[in-house]
Amino acid sequence: MHASLLLLLLPSLVSAAIFPSGSKVKMIDHSGFTKAMKQNETSIVAFVAPWCGYCQRMAPEYSKAAQGLDPLVPLYAVDCDEEKNKRLCGEQGVKGFPTVKLFPRGSQLPPQTFESNDRTASNFFYWASKKVPNNVKKITDVEDVDVWVSKNSKKPKALLLTPDKSTPLLWKVLSNKYRDSIAFGAMKDKNGKAAGALGFGKGGKEGKSVVVVYEGGKGGVYQGKLKKEPLSKFFDSLLSDVESASTLLSYPPSPSPSSSKPEAQTEVPSEPETAADPEPLKESVVESVGEGEGEVPEPEAGQRAKDEL
Ligand SMILES: *[C@@H]1O[C@H](CO)[C@@H](O)[C@H](O)[C@H]1NC(C)=O
């Protein structure tokens, strides 16, 4: 009697412990999955079963990747052993455990399956970083900003002036999320010269990012925190309530250099963004963390996405 009771209890006990406590991996069911797919964001979903040894071995690595990618790319897991999730796992073509799939933009783009058996935190991390769709227009000259702003002028535009050589992952994440409603651009501006030339700021600000937002022919500098959540909130309000959003913008005293027609409509070459070359994947040190339990291992340097522009 006791033994069979234990057996009945066992699956849920094991299931609770697949991922370390405090893990950023969020367990979801069918409705959680549907919700996640509506977000238009890149996310990763691991389809697992609690009895599967590969899943247990993957769990600390997957958790470490989740922590490194938080809050830019969410990592989820579905327990396919649970009755209520069986249909979802079937629909997703799960034939073995673990099956890890990346959804580049919710349900709007076809998912990709993680094919390697090397399920390390760094492999997950670079896979996710590389696969976030990049809808950021790279602009190299101040003159080209005008062309870009006047093109497709119905959409608000968000231009990042960044000291970074490559487009920050956070900016790509946002460009993916708001792809249908806001045009995103990025321009390297190491010392604030471009910002100054565009009429924003005095220039000469070394190493600082500036987000310029163009809406209805007017440009302003976004004054909030340059992190994912405040920026998302700002873009949401920009789309629903331009008036209140514009309180977060500071405008230059003189009208922005908007509709002055440049003589040559030089096409900005739309070179595909060379995503920051991922470092060669190092063997990551695999600490042997017991099944579930235990702390979430810390991501190594370079395996943490910056939530700041
Ligand atoms: C996701 O994209 C669709 C289609 O472009 C849009 O209708 C929907 O509002 C977007 N959802 C969110 C949460 O942004």
* To do: Evaluate the following for LEU88: is it modelled with pLDDT of 95 or more and assigned by TED's automatic domain parsing to the domain that holds LYS225?
  => no
* Which residues, taken from the range 125-144, are within 16 Å of the ligand (Cβ to nearest atom) and surrounded by 21 or more Cβ atoms within 10 Å (Cβ to Cβ)? -> VAL132
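Quick check on VAL147: is it away from the ligand (no atom under 16 Å from the Cβ) and assigned by TED's automatic domain parsing to the domain that holds MET187? Break it down stepwise before answering.
On the way: away from the ligand (no atom under 16 Å from the Cβ): yes; assigned by TED's automatic domain parsing to the domain that holds MET187: yes.
Yes; evaluated as a whole, the condition is true for this residue.
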* **Residue among PRO299, PRO230, PRO255 that alone is modelled with pLDDT of 95 or more and either surrounded by 11 or more Cβ atoms within 10 Å (Cβ to Cβ) or in a loop (DSSP other than H, G, I, E, B) (or both)** => PRO230
* Residues being surrounded by 20 or more Cβ atoms within 10 Å (Cβ to Cβ), among the small types (Gly, Ala, Ser), away from the ligand (no atom under 16 Å from the Cβ) and within 18 Å of LYS306 (Cβ to Cβ): count how many of those fall in the range 156-197. => 1
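The values are calculated or read from the model by the stated rules, or taken from the named source; none is laboratory data. Since the structure is predicted, the reported quantities are computational estimates derived from the model, not experimental observations. Cβ atoms come from the backbone with ideal geometry, glycine included; neighbour counts cover every protein chain shown.
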